[in-house]
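Q: Right, I'll just put the structure down here and ask away after.
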Amino acid sequence: TTICSDKTGTLTTSRMTVVKTWCSRKVYSNMGTMAKELPHMSQTFSTAAVVNTLFKSYLKKNSNGSITYCGNDTECALLIMANELGFPYDNIRKQYPDDQEGRKQFSFS
């Protein structure tokens, strides 16, 4: 898995987002479309992204429906991507717990 990112927008909006993915020789700018066309690969993308984030990064749902990034902006963007692909990050974290035998993780940034 290769993740290419820049910080465009973080100074003005204080949040990063995944705007495009490249998978199976095709560029996707809508995560829902990728999820429909490549369900297995979407699951793999989601799992890889979430397993490689630190548990101190998470998304907080506010009472008005908005989401606040808590922790690393890049990692939170990947958590949003997993959710948009149809694989909620909290479910993936339950499947692959932080203290799992042999697991070691490093922050993306």
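Q: Using a 1.4 angstrom probe on the protein heavy atoms only, could you order V51, V27 from most to least accessible area?
A: Of V51, V27, the descending order of accessible area is V27, V51.
Q: If we sort 92-103, 30-41, 62-73 on the protection proxy, mean other Cβ atoms within 10 Å, highest first, what's the order?
A: Order by mean packing, descending: 30-41, 62-73, 92-103.
Q: Could you check the spin-label model distance between K20 and R103? Points 7 Å from the Cα along Cα→Cβ, value in nm.
A: Distance between label points: 3.3 nm.
Q: Would you mind computing, in nm to one decimal, how far apart the modelled labels at Q95 and N30 are, each placed 7 Å from Cα along Cα→Cβ?
A: The modelled label-to-label distance comes out at 2.5 nm.
The values are calculated or read from the model by the stated rules, or taken from the named source; none is laboratory data. Just so you know, these numbers come straight off a predicted model, no measurement behind them. Note that we place each Cβ from the backbone using ideal geometry, even for glycine, and neighbour counts take in every protein chain shown. Just so you know, the surface numbers come from the protein's heavy atoms only, side chains and all, with ligands and any DNA or RNA stripped out. Shrake-Rupley method; radii C 1.70, N 1.55, O 1.52, S 1.80 Å.
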